[in-house]
Amino acid sequence: MLGRTIKELLGGSSLGGAVVKAGLKTVADKVMALFKGLGGKGSAGKPMNLVEDLDVPVPLRLAYNHWTRLEDFPQWSKATQRVDLDRKDPTKSNWKARVAFSRRSWTATVAEQIPDERIAWQSKGQTVVNGVVSFHPLDDNLTKILYVLEYVPHGLFERTANLWRAQGRRARLDIKQFRKYVTTRADPEEEGWRGEIRDGKVVRDHGSVLKEKEHEHVETY
């Protein structure tokens, strides 16, 4: 039942409807097992799971577009220092961030990306950060973002900081910073990455999707 509910939630079902169908108390109950077994622990610490939802007063497409602009993350994320996109592989990006008292880097790989719906990724490197973010329209100018994160601390400083859930507080602050950014600073005319990824493979690239939309627009008239 848990797995089916996760698919319902991240597949676009309303938050309330998913809860009713599952008979569970909270959204967190449905998603905590989502990353079980992802990322080798090795010498790393115990994984920390974070589930947050946030209402953002902008249209769904605007929120989604700016979340996909990974290279812009340092403009609003206090933790993220730099994101380099892999020009040859749209599923991959290289991250540098400040974690606790240290600087860490990792490579993120998108496993699934459905435009205006959800993005799921896994990572490898000095720090393991896996996640899913999904977008749910509440009104024409109101979008709910559900953010699920699995963070595996590495090293003494990160494991010590994790005792106080420092990284969780940082992540919660960052997603609130995204709301401020997309509401007050983001250019509504800027396009995000509109491609589609399934099972770690690009099934429709950004250019193809835009051409399809242009063709549909021409046919309409």
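Coordinate-derived values only; no laboratory data. Note that the coordinates shown come from a computational prediction; the quantities given were computed from them, not determined experimentally. Positions of Cβ are generated from backbone atoms using ideal geometry, with glycine treated the same way; all protein chains shown enter the neighbour counts.
Just a few scattered comments:
- Taking Cβ atoms as reference points and 12 Å as the exclusive limit, the residues near T183 contribute a net charge of +3, counting Lys and Arg as +1 and Asp and Glu as -1.
- Restricting the range 56-131 to trypsin sites (Lys or Arg not before Pro) in coil, as DSSP defines it, with at most 13 other Cβ within 10 Å: K78, R87, K88
- Around T109: net Lys/Arg minus Asp/Glu count, Cβ-Cβ under 12 Å: -1
- By the count of other C-beta atoms within 10 Å, a proxy for reagent exposure, T184, T68, T127 are ordered fewest to most as T184, T68, T127.
- Counted charge near P90, where neighbours are those whose Cβ lies closer than 15 Å (Asp, Glu -1; Lys, Arg +1): -1
- Each of R169 and S102 was given a label point 7 Å from its Cα along the Cα-to-Cβ line. The distance between the two points is 2.0 nm.
- Over 25 Å (Cα to Cα) - which of K96/K176; K88/K144; K144/K211 fall in this group: K88/K144; K144/K211
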